[in-house]
């Protein structure tokens, strides 16, 4: 037999003893045995996924033809779910050992395992691209000029972005609306001098939260101040240092909108060390509503479990070749004891 210039002698072809299903229909294992490849390779060919050499793909297709193998849609989806390796690619500059990411990862693993997928974290190369490729990829940490998007598109690898970008599958919390809700809450309480404590400003989440904050201020006739934008480094320590330094340099304000619960906690500690009471002297709003960390804060709650579940749903659609979709997950203002009317 000659396949695209490659000759396979009858002696090299594996001996086959097909164990057919009771219905007499060949199985994916029969096709793999006939073609001399793994069932995972057959699955990738059936589902038209990347990662299979042209000559191997042709061998599998010929084996399917010889056996008259016709996967029905249910078997095709089951094969797809059982054999799929899902990679997790984390953008450069995003920390793994933070409560938000740990929660997201836990929910993501649970969702993938429920559907029979296998998750593996893909390290990044020096240029920020994935070190290797899997059958599908979850991209975490959306940012400006993310080269991973075109890289995966050029290789026809299904992926979902936790963030937003035109023309690709993505899911994100409504960060802009969260910034708006937090700022509207503080404005209703009479605050006008509002510090915004942010993280990495090239990160989409922080950009959107800040934009929602600024647009809401301007709509209320309050001009955003550049000196009220502080870099909290997305950590409690960073929030502490930024707020303490601002106070020591004479910056005065009546409220803080922190773009994460961690930074909010650090800000509250700094206010206390500087002799200011929360919320009597300064009101503080966080973002995330993280377990334990954000439980005493007025904060913006995002549904991390739903974000992970939606990411998996969209990824499955990509693997099945369905049209590109995206989804924005709503957020909610939770009022607790760290905000009060301005005195």
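Could you pull out the residue among 314, 297 that is under 30 Å from residue 85 (Cβ atoms), touching a residue at least 12 places away in the same chain (Cβ under 8 Å) and surrounded by 19 or more Cβ atoms within 10 Å (Cβ to Cβ)? Step through it out loud before you land on a result.
Working: 297 fails: under 30 Å from residue 85 (Cβ atoms).
One residue alone meets the criteria, 314.
Screening the stretch 85-147 for strands (runs of 3 or more DSSP E) wholly inside it with 1 or more residues that are under 20 Å from residue 233 (Cβ atoms) returns the ranges 85-90, 136-140. The criterion of being touching a residue at least 60 places away in the same chain (Cβ under 8 Å), outside the structural domain of residue 188 (by TED's automatic domain parsing) and either under 21 Å from residue 334 (Cα atoms) or in contact with a strand residue (DSSP E or B) (Cβ under 7 Å, 6 or more places away or on another chain) (or both) does not hold for residue 290. State yes or no: is residue 195 buried (at least 21 other Cβ atoms within 10 Å of the Cβ) and within 13 Å of the chain's Cα centre (by Cα)? Spelling it out, it is not the case that residue 195 is buried (at least 21 other Cβ atoms within 10 Å of the Cβ) and within 13 Å of the chain's Cα centre (by Cα).
The residue that is modelled with the lowest pLDDT, among those in the stretch 19-37 that are surrounded by 13 or more Cβ atoms within 10 Å (Cβ to Cβ) and not in a helix (DSSP H, G or I), is 25. Provide a single number: the residues in the stretch 316-343 that are in contact with a strand residue (DSSP E or B) (Cβ under 8 Å, 6 or more places away or on another chain) and modelled with pLDDT under 95. Of the residues in that region, 3 qualify. Is there a residue in the stretch 329-336 that is surrounded by fewer than 23 Cβ atoms within 10 Å (Cβ to Cβ) and under 17 Å from the mean Cα position of the chain (by Cα)? The answer is yes, given that some residue of the stretch 329-336 is surrounded by fewer than 23 Cβ atoms within 10 Å (Cβ to Cβ) and under 17 Å from the mean Cα position of the chain (by Cα). Per the conditions (1) at pLDDT 90 or above; (2) within 15 Å of residue 310 (Cβ to Cβ), the sole criterion not satisfied by residue 131 is (2).
Please count how many residues of the stretch 300-311 are farther than 25 Å from residue 114 by Cα and surrounded by 22 or more Cβ atoms within 10 Å (Cβ to Cβ). Walk me through it before giving the result.
Kept after step one, since they are farther than 25 Å from residue 114 by Cα, are these residues of the stretch 300-311: 300-301.
Cutting the leftovers down to surrounded by 22 or more Cβ atoms within 10 Å (Cβ to Cβ) gives us 300.
Qualifying residue count for the region: 1.
Scanning the stretch 153-182 for residues that are assigned to a helix (DSSP H, G or I) and closer than 15 Å to residue 288 by Cα turns up 175, 176, 177, 178, 179, 180, 181, 182. Please indicate, with yes or no, whether at least one residue in the stretch 268-282 is touching a helix residue (DSSP H, G or I) at 6+ places or on another chain (Cβ under 6 Å) and under 13 Å from residue 178 (Cβ atoms). Within the stretch 268-282 (the criterion being touching a helix residue (DSSP H, G or I) at 6+ places or on another chain (Cβ under 6 Å) and under 13 Å from residue 178 (Cβ atoms)), the answer is no, since none of the residues qualifies.
The values are calculated or read from the model by the stated rules, or taken from the named source; none is laboratory data. On a predicted model such as this, the values are computed, not experimentally measured, just so you know. Backbone-built Cβ (ideal geometry, glycine too); neighbour counts: all protein chains shown.
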